[in-house]
Amino acid sequence: MTEILLAAEASTVTQTRHLATAIPGPRSTALHAERTQEVTNGFGIALPVFVARAEGGIIEDVDGNRIIDFASGIAVTSLGASNKRVAERVAAQLEAFTHTCFMVTEYDSFTQVCKWLNANTPGDFEKRTGLFTTGAEAVENAIKIARAATGRPSVLVFDEAYHGRSLLTMAMTAKVNPYKLNFGPLPTDVVRAASANPLRPAEGLDAGAAAALESVEATILEHGADTFAAMVIEPIQGEGGFIVPAPGFILGLRALADKYGIVLVLDEIQAGMGRTGTLFASEHEGVAGDLILTAKALANGVPLSAVTGRVELMNAPHTGGLGGTYAGNPLACEAALAVFEQFEDGSLLVHARRIEEVAREVLEPLLSSTNIVAEIRGRGAMIAIEFADAGSLAPRADLARDISAACHAAGVLTLTCGTHGNVVRLLPPLVIGEELLRDGLTVLADAITNAAN
């Protein structure tokens, strides 16, 4: 099997876990105290450490602790948090200019990012791309495009969905706390349908795709098929718990979209850019969206997002109807071009698949050796462990929280997620070394075993 290699051969941050102090250490603790005096409490924190350097699979904090990174800035720094080629291209652009606004004067890097996305996103049809800044912006612009093209108002979304924190994307997101709590009223014309969650099917449905698709079609017809501009779904639902839909569900949505003239929007913001072992997660399903959304790892930490899709849809908005001051900023475009370069030989996709193999090798024995692991799921370097009581499947958010905290104390950064908060998610950078990966997974497995005893 292919060995996972670091993107940078000469790492400046030692790629081993090391605890110099308790986590958080004294310097991080002092800085966090200052943060609480200066920063709104509206921002949460997964692990209150302050970062000095980060590279490959390691975050080094201001106290000298080296922490294994199983978060990648929520699936952003997939090529490492200080990727050399990204830094080189961004630095060169900094010397030239930092911003002009593409709607005022043009620069070729914007066009070249669009060209790559047009060529490499799924779908054998002519495409156009628009660049923006955040994932939520990409989602909102996709809805604007779909409405302009169809003349229809409504948007169909799904259980367990997460699409962002803006007003429209909050309405599209399923989870109330913390994303929608106290922030209403929210935009209307958003309709929610059942998803095909194999472990936790919607009430009255079984674990397969067929019943879920029948329910989706019934929802469409109930609200009027000719009212829907778009249906929007993540090929793997991220914040909802890394839910891989039942086989055939995404393909069935494609058929329903075609049947009723609805624009199928695939939100690849978290699952895309190689995370699942293919460039785009929808490739696993054999489905092309009419519009596909990318962000997060698109520019490896420099804010950039994109909507790519059928030319007749993308050109439906009037000139001047799309844009944004920072949309497709030249620094971000150079970072994205550096990312594209590193996907050319296919090795990163091989590495993502190898990460899944190693994770399953270490974690899947816990399904039988403990009574708290309900499911291990995901694809590539996007793996989740769901915790629940045996038999009843009652969600155990307390276990996910405590296990993640134990990992943090041992120097492994993990994140929780899920509609019920009972999932630990793993998003290691695609360039993590296998020895480091195994070390982090062993810490996690030990934390799960200890919690089960």
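The values are calculated or read from the model by the stated rules, or taken from the named source; none is laboratory data. Small disclaimer: the values here were computed from a predicted structure and weren't measured. Cβ: placed from backbone, ideal geometry, glycine included. Neighbour counts: every protein chain shown.
Here are a few things to note about the model shown:
- Those residues of the range 334-354 which are of a type in the set (A, V, I, L, M) and part of a loop (DSSP other than H, G, I, E, B), in sequence order: none
- From PRO303, PRO317, residue being farther than 17 Å from ALA96 by Cα, within 23 Å of the chain's Cα centre (by Cα), in contact (Cβ under 8 Å) with a residue 40 or more places away in the chain and surrounded by fewer than 24 Cβ atoms within 10 Å (Cβ to Cβ): PRO303
To keep it simple, each residue is scored yes or no on (1) touching a residue at least 60 places away in the same chain (Cβ under 8 Å); (2) at positive phi; (3) surrounded by fewer than 18 Cβ atoms within 10 Å (Cβ to Cβ).
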site	(1), (2), (3)
GLY261	yes, yes, yes
THR278	yes, no, no
LEU298	no, no, no
GLU312	yes, no, yes
GLY321	yes, no, yes
THR325	yes, no, yes
ALA336	yes, no, no
GLN342	yes, no, no
GLU356	yes, no, no
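- Top-ranked residue in the range 392-406 [being surrounded by fewer than 18 Cβ atoms within 10 Å (Cβ to Cβ) and free of Cβ contacts under 8 Å to residues at least 40 places away in the same chain; ranked as farthest from PHE70 (Cα to Cα)]: SER392
- Restricting attention to the range 15-45, the residues that are within 28 Å of the chain's Cα centre (by Cα), part of a loop (DSSP other than H, G, I, E, B) and surrounded by 14 or more Cβ atoms within 10 Å (Cβ to Cβ) total 5.
- Number of the exception - ASN141 against (1) in contact with a His (Cβ under 7 Å, 6 or more places away or on another chain); (2) in contact (Cβ under 8 Å) with a residue 40 or more places away in the chain: (1)
- The set of residues in the range 407-430 that are surrounded by 24 or more Cβ atoms within 10 Å (Cβ to Cβ), in a loop (DSSP other than H, G, I, E, B) and hydrophobic (A, V, I, L, M, F, W, C) comprises LEU427, LEU430.
- Residues considered: ARG192, ARG200. Of these, the only one that is surrounded by 19 or more Cβ atoms within 10 Å (Cβ to Cβ), basic (Lys, Arg) and not assigned by TED's automatic domain parsing to the domain that holds ALA352 is ARG200.
- Cross-chain or 6+ apart pairs with Cβ under 7 Å, the range 36-63 first and closer than 25 Å to ASN182 by Cβ, then modelled with pLDDT of 95 or more and surrounded by 10 or more Cβ atoms within 10 Å (Cβ to Cβ): ALA46/LEU415; PRO48/PRO24; PRO48/SER28; PRO48/HIS32
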